[in-house]
Amino acid sequence: MGRGIMGQEQVAIKFEAAWSVFAQTCSHFWAPEPSYQAWFAHYLISQFGIDRVAREPIIHIKNFSESALKAKVGGGEVRPDVVVTREPGIMMPHYANRLGKASDLSGLGLLKDLAVISELKIGASAQGGLSLKSLKRDADKLTLLLTEFQLQHPGTEPPLAYLCVLDNHGRKQFNPDALEQYCAAEAPGVKPLIASTDARPVVSADRFITR
């Protein structure tokens, strides 16, 4: 399972399968976002192996080509939440690590070794629920990486890019239409995976958690 014609790995099938199981299993939990990131990584590891899944590689963007998209993303670094490598073995120290500095001085070349880059947003971990503005920014970050990668490494296959959204806030349901339209128009290289579930954390009427 997970291999197609001539043994080619079906990365999208495996990633999306891990996402589906994670969303179904963990949607009713209530915890800070790093806990969900750990649980999602667990299911990705079950698909790809522990030596292919990592979190938050740091990519320096200040020297990227000037563009409206770069200005909109802002800041000096981008850190995709969860990545999957093409081959076993994790080699992604900080781009400026003195013991192993990235030859391109940004770490962007790392994308040649990645099969997937992704961002993860959880409704239940934010008091006000999912923010469309924040989700658009995540889509922009992934798009910036893909765009600059194609400029610097033409002809090289880019990684798949996913924006993973778990709509499980206890009181507010997220409407995915605006985000899907935004990705289609402004971030066509980014695939939104939006899981909306009936199994949500239970919020009591008095909003107290009694143990």
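The values are calculated or read from the model by the stated rules, or taken from the named source; none is laboratory data. Owing to the predicted nature of the structure, the values given are computational and were not obtained by experimental measurement. Cβ coordinates were reconstructed from backbone atoms using ideal geometry, including for glycine residues, and neighbour counts include every protein chain displayed.
Observations, loosely collected:
- Hits in the range 109-165 - residues which are among the small types (Gly, Ala, Ser), in contact (Cβ under 8 Å) with a residue 40 or more places away in the chain and within 25 Å of GLN24 (Cα to Cα): ALA115, SER118, GLY123, ALA124, SER125, ALA126, GLY128, GLY129, ALA139, ALA161
- Screening SER35 on (1) in a helix (DSSP H, G or I); (2) more than 21 Å from ASN168 (Cβ to Cβ); (3) among the hydroxyl-bearing types (Ser, Thr, Tyr) shows it passes everything except condition (2).
- Residue in the range 57-68 that is in contact (Cβ under 8 Å) with a residue 40 or more places away in the chain, within 30 Å of SER103 (Cβ to Cβ) and assigned to a helix (DSSP H, G or I) present: no
- Residue check, ARG86 farther than 18 Å from PHE149 by Cα, surrounded by 13 or more Cβ atoms within 10 Å (Cβ to Cβ) and in contact with a strand residue (DSSP E or B) (Cβ under 6 Å, 6 or more places away or on another chain): no
- Selection count, the range 155-189, where residues are under 17 Å from LEU111 (Cβ atoms) and either more than 18 Å from the chain's Cα centre (by Cα) or not in a strand (DSSP E or B) (or both): 7
- Checked against (1) assigned to a helix (DSSP H, G or I); (2) touching a helix residue (DSSP H, G or I) at 6+ places or on another chain (Cβ under 6 Å); (3) surrounded by fewer than 20 Cβ atoms within 10 Å (Cβ to Cβ), LEU111 passes all but condition (3).
- Pairing each residue of the range 166-189 that is of a type outside the set (A, V, I, L, M) with any residue that is at pLDDT 95 or above and outside any helix (DSSP H, G or I), provided the two are 6+ apart or on different chains, yields C-beta distances under 6 Å for PRO176/ILE194; GLU180/PRO192; CYS183/VAL190; CYS183/PRO192; GLY189/ALA161.
- Condition check for ALA18: surrounded by 13 or more Cβ atoms within 10 Å (Cβ to Cβ) and assigned to a loop (DSSP other than H, G, I, E, B): no
- Only residues that are surrounded by 20 or more Cβ atoms within 10 Å (Cβ to Cβ) and part of a helix (DSSP H, G or I) were counted across the range 117-139, and they come to 3.
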